[in-house]
Every structure is written in C-alpha cells, then in structure tokens.
1. Within the range 1-64, report the trypsin sites (Lys or Arg not before Pro) that DSSP leaves as loop and that have at most 15 other Cβ atoms within 10 Å.
2. In percent, what relative contact order does the chain have, based on Cα pairs under 8 Å that are 6 or more apart in sequence?
3. Nearest 0.05, what FRET efficiency do SER70 and SER123 give at R0 = 35 Å with Cβ-Cβ as r?
4. Could you work out how far the C-alpha centroid of the range 75-123 sits from that of the range 9-65, in angstrom?
5. Restricting attention to the range 24-109, which GluC sites (Glu not before Pro) occupy a DSSP loop and are surrounded by at most 10 other Cβ atoms within 10 Å?
6. How charged is the neighbourhood of ALA5? Take every other residue with its Cβ under 13 Å from the Cβ of ALA5, and add Lys/Arg as +1 and Asp/Glu as -1.
7. Charges at C-beta only: +1 for Lys and Arg, -1 for Asp and Glu. How large is the resulting dipole of the chain about its Cα centre, in Debye rounded to 20?
Amino acid sequence: VQLQASGGGLVQAGASLRISCAASGRSISTYPMGWFRQAPGKEREFVAAISWNGGTTDYGNSVKGRFTISRDNFKNTVSLQMNSLKPEDTAVYYCAAKTKGSSYGDLGNYDYWGQGTQVTVSS
C-alpha cells in the first residue's frame with residue numbers, strides 16, 4: 001500500500017484545514033487508518049484513527065473536539081478535518097494503515113506510512 005498525504009499549508013490560529021491521504025496499490029478498506037504528527041524535536045504522536053468501516057473513531061487528547069477523521073473506501077481515501085487550529089498543532093502530519101495490534105494509538109501497529117504533509121499554524 002502506498003499512501004500520499006496532501007493538503008497541508010500555512011494558516012493562522014483559529015483557522016480550519018482539511019488534509020487528505022490517498023492510497024494506491026491496493027484497497028485500504030480492510031485497514032483501520034490513522035493520522036500521526038511530528039513536530040521538530042518531538043516524538044511522533046497519535047492524532048486520530050478510524051476503523052475499517054468508519055464506525056469507530058479515536059482521537060488524541062490534544063485534538064478532541066477540534067479534529068474529525070473520516071474515510072471514503074470507494075475513493076480509497078482518508079481525511080482529517082482540523083478546526084480551531086493552534087500554533088501547537090504545527091507539525092508534519094502522516095497517515096498510516098494499521099495492520100496489527102489492538103491499540104489505535106500505538107504507532108508500532110501501523111506498517112504502511114505516507115510521506116507526510118506539513119501543517120504550520122501561525123499565531
């Protein structure tokens with residue numbers, strides 16, 4: 001599975017941004033999918049995840065109530081709607097396909113990763 005994230009950019013605090021992840025090579029319809037982010041000098045952290053059919057979602061504490069993950073299995077895409085953005089949301093955002101384990105938040109459970117898209121939020 002090849003994953004390509006897109007849609008990042010520079011926005012002001014309080015703005016909204018939608019990033020997407022397009023999969024190729026095979027269908028991602030059977031995989032739970034997640035978004036992670038990594039800021040300079042920090043470890044990669046869990047942002048959001050969604051079950052294979054979209055029926056279950058999970059979010060990191062820092063983004064709950066502001067971010068929404070969704071997927072379209074027909075289009076083989078996953079998206080992350082980010083509202084009320086804060087400067088601390090600045091990071092490279094990665095999409096990933098979860099292939100094992102039970103925890104959505106454990107990046108070790110994800111074997112396929114996209115290249116990342118930069119999101120920068122100015123104050």
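Every number in this text was worked out from the coordinates using simple rules, so none of it is lab data. Just so it is clear, the structure is predicted and the values come from calculations on it, not from any experiment. Quick reminder, even Gly has a Cβ in these numbers, built from the backbone with ideal geometry, and neighbours come from all protein chains shown.
1. On the way: sites: ARG18, ARG26, ARG37, LYS42, ARG44, LYS64; in loops: ARG26, LYS42, ARG44, LYS64.
Sites meeting the loop and neighbour criteria: ARG26, LYS42, LYS64.
2. Numbers: 311 pairs, mean separation 43.4, N = 123.
Reported as a whole number, the value is 35 percent.
3. On the way: r = 28 Å, r/R0 = 0.80.
My answer for the efficiency is 0.80.
4. Using only Cα atoms, the two centres lie 3 Å from each other.
5. Values: sites: GLU43, GLU45, GLU88; in loops: GLU43.
In loop regions of the range 24-109 (DSSP not H, G, I, E or B), the sparsely surrounded GluC sites (Glu not before Pro) are GLU43.
6. On the way: positive: ARG18, ARG37; negative: none.
Combined, the nearby Lys, Arg, Asp and Glu give +2.
7. Numbers: 12 positive and 8 negative charges, 35 e Å.
The calculated dipole for the chain is roughly 160 debye.
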